[in-house]
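Take a look at the structure below.
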Amino acid sequence: MKFVSFKDKQGAVRGGVLEGSTIRPLARSGSDDVLAHIASGSSAPSFEGETIPVDQVSLLAPIQQPPRVFGIGLNYRAHAEESKMALPSSPVVFIKLSSSVVGPDTDVILAPNATDPDYEAELGVVIGRPGHYIKAADWEQHVFGYTIVNDISARGIQRSSTQWNLAKSFPTFTPMGPVIVTRDEIADPHELDIRLTLSGEVMQSAKTNDLIFRIPELIEYLSSMVPLLPGDVISTGTPSGVGMGRTPPRWLRPGDEMVVDIQGIGSLRNRTRSA
């Protein structure tokens, strides 16, 4: 199944399941319908209301405010090399604040102090079943599904500190979506094509099999310190080809269009504009 959140013509924010060109609305939860379904632990969604053509709504981030977004740095071998950094011996983890999350076709706002803004195509893992001290062998039991994340980064801020959180948490700096594809629809998340085009030019193109720390290891590592919650998102890292790794660097500019494609999930499209 493909879960979405959307705003209808009346301005109501709902969750639903995308079926071809229509959406079956989920039962209303009073807050985030998709997150409520994930937290319920149910394998069968409850629906409410008539189906809605997808072209009559605006898609939002599939989870409006994930409890946490865990970013993983330097997690593709080729990206670590272009960053001129040694391969990490353990996962490099930072937090992207949930207030930075936006959906597809939403403008990414380039704030004046978000200097040297960069793009990063990433596979997002959405936690379903909560857990603490999860063994790597049990990882699939805790995954609800997969989504697309664009980990926008203000490199000027990032380089000025050893802490990356604020550099990656400006408003709109975490485009996500357009769907969460449930775990059963992705045979192997470590064998997916991932690509980012910037204003029509392919900048990143790789497969997720280049991950240094794979999803089982990331889940075991993170949950050994903090209990994972339903709706948590693990953004697993970006391949080579980021703007920072180019000569000269290619920073985001107002009017750029970013499209992230991940096999089996879809396309996440966003444009940039000045604040």
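The values are calculated or read from the model by the stated rules, or taken from the named source; none is laboratory data. Because the structure is a prediction, the values reported are computed rather than measured. Glycine also receives a Cβ, built like all others from the backbone with ideal geometry; neighbour counts cover every protein chain displayed. Quick note on the areas: whole protein, heavy atoms, side chains included, nothing else; ligands and nucleic acids left out. Shrake-Rupley method; radii C 1.70, N 1.55, O 1.52, S 1.80 Å.
Test Leu110 against the criterion of being under 28 Å from Arg195 (Cβ atoms), touching a Pro at 6+ places or on another chain (Cβ under 6 Å) and not small (Gly, Ala, Ser), and give yes or no. Here the answer is yes, as Leu110 does meet what is asked.
For the residues Ser89, Ser21, Ser29, Ser40, the requirement of being among the small types (Gly, Ala, Ser), in contact (Cβ under 8 Å) with a residue 24 or more places away in the chain and either open to solvent by 50 Å² or more (accessible area, probe 1.4 Å) or in contact with a helix residue (DSSP H, G or I) (Cβ under 9 Å, 6 or more places away or on another chain) (or both) singles out Ser21. For the stretch 77-106, a tally of residues being more than 16 Å from the chain's Cα centre (by Cα) and of a type outside the set (Val, Ile, Thr) returns 15.
Quick one: is Pro175 surrounded by fewer than 21 Cβ atoms within 10 Å (Cβ to Cβ) and closer than 15 Å to Leu110 by Cβ? For Pro175, the condition - surrounded by fewer than 21 Cβ atoms within 10 Å (Cβ to Cβ) and closer than 15 Å to Leu110 by Cβ - is not met. Gln158 satisfies every condition listed in (1) touching a helix residue (DSSP H, G or I) at 6+ places or on another chain (Cβ under 6 Å); (2) in contact (Cβ under 8 Å) with a residue 24 or more places away in the chain except (2). I'm trying to understand the selection: among the residues of the stretch 82-108, which are hydroxyl-bearing (Ser, Thr, Tyr) and modelled with pLDDT of 95 or more? If the condition is that a residue be hydroxyl-bearing (Ser, Thr, Tyr) and modelled with pLDDT of 95 or more, then Ser90, Ser98, Ser99, Ser100, Thr106 are the ones that fit.
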